[in-house]
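A quick write-up on the structure given underneath.
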Amino acid sequence: MSALPALQSYLTPAEYLALERHSETKSEYWQGETYALAGANRGHNLVAFNLAATLGPQLKHRPCEAYVGDMRVKVTSAGLYTYPDMTIVCGKAEFEDHDEDTLLNPTVIIEVLSPSTEAYDRGAKFEFYRMLESLSDYLLVSQSSPTIEHFTRHADDRWLLATCKGLEAVAEIPSIGCELRLADVYDKVEWPAEAPQRPRLRRVKEDEARYDIR
């Protein structure tokens, strides 16, 4: 989803949560400022639904829970409150308070890329997410092509990238024993046909004498 800066004064985290819990819209929070989240388009919603439909059955009868869209995640060390497109936690879920609407220890975070937020999801937001000691996997799911980029945490806090492309590909998530078949993730998703390229014409200067009619 797109994040748009909201015009209001500095808020403490407690003030933000109090307002957010009674708001009809969602906003991210960072360093005293809130950022309204814009709505998602058809492709984004289809991919997000397919992710939940694909991973949900694989997590049944397992000590993991999956949340889509409305579960807020707090990155304590960064002072960030945000809403990943999908969050999975394995083991005991830890929340900020008794409302259980702000998760502290996600295991896997998945973001569906949008043109307005792709740079943020790849850059600053990923930097914030890496501060979560519980996080083992971060996945970026494209809307514009069947592509999933999967970052996994390794020793010495190194993050390694594996990219899966094409509807025949499968993105495996060993940390939770799941896999994402891209044909399932992109079910019913349509991409605009590429416009045919116009032939490039090269102007040739003819010998004017050849066309001299007298």
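Since every read-out is calculated from the coordinates, none of them should be taken as a lab result. None of these values were measured; they are calculated from a predicted model. Cβ atoms come from the backbone with ideal geometry, glycine included; neighbour counts cover every protein chain shown.
Structure notes:
- Given charges at Cβ of Lys, Arg, Asp, Glu: segment 1-151 dipole, positive-most of Pro115, Val47, Phe128: Val47
- Prolate/oblate/rounded call for segment 1-151, Cα gyration tensor, a/c under 1.5 rounded: oblate
- Sorted ascending by nearby beta carbons within 10 Å, beginning with the fewest, Glu190, Glu24 become Glu24, Glu190.
- Label-to-label distance for Ser145 and Phe49 is 2.6 nm, based on points extended 7 Å past Cα in the beta-carbon direction.
- Between Val112 and Asp85, Val141, the built amide H atoms are under 5 Å apart, and every one of these is 5 or more places off in sequence or on another chain.
- If the chain linking Glu118 and Arg130 were pulled fully straight, counting 0.36 nm for each residue of separation and taking away their Cα-Cα distance, it would gain 2.6 nm.
- Segment 74-175 shape via C-alpha gyration tensor axes, a/c threshold 1.5: prolate
- Electrostatic bookkeeping for Cys164 treats Lys and Arg as +1 and Asp and Glu as -1; over the other residues with beta carbon under 14 Å from its beta carbon, the sum is -4.
- Structure-based [θ]222 nm, the chain - -39500 (n - 2.57) summed over DSSP H runs of at least 4, per residue, nearest 500: -5000 deg cm²/dmol
- Ranking of Lys60, Lys74 by count of other Cβ atoms within 10 Å, fewest first: Lys60, Lys74
- The angle between the Cα long axis of helix 42-59 and the main principal axis of the chain comes to about 50°, on a 0 to 90 degree scale.
- In summary, the aspartates and glutamates within cross-link reach of Lys92, defined as a Cα separation below 20 angstrom excluding same-chain residues under 8 places away, comprise Glu65, Asp70, Glu100, Asp101, Glu133, Asp137.
- Of all DSSP beta bridges in the chain, antiparallel share, percent nearest 5: 85
- Exceedance of the 22 Å cut-off in Cα-Cα distance is limited, within the set Lys26/Lys125; Lys26/Lys165; Lys26/Lys74; Lys74/Lys125; Lys165/Lys188, to Lys26/Lys165.
- Asn105 long-range amide H proximity, modeled H, under 5 Å: Glu94
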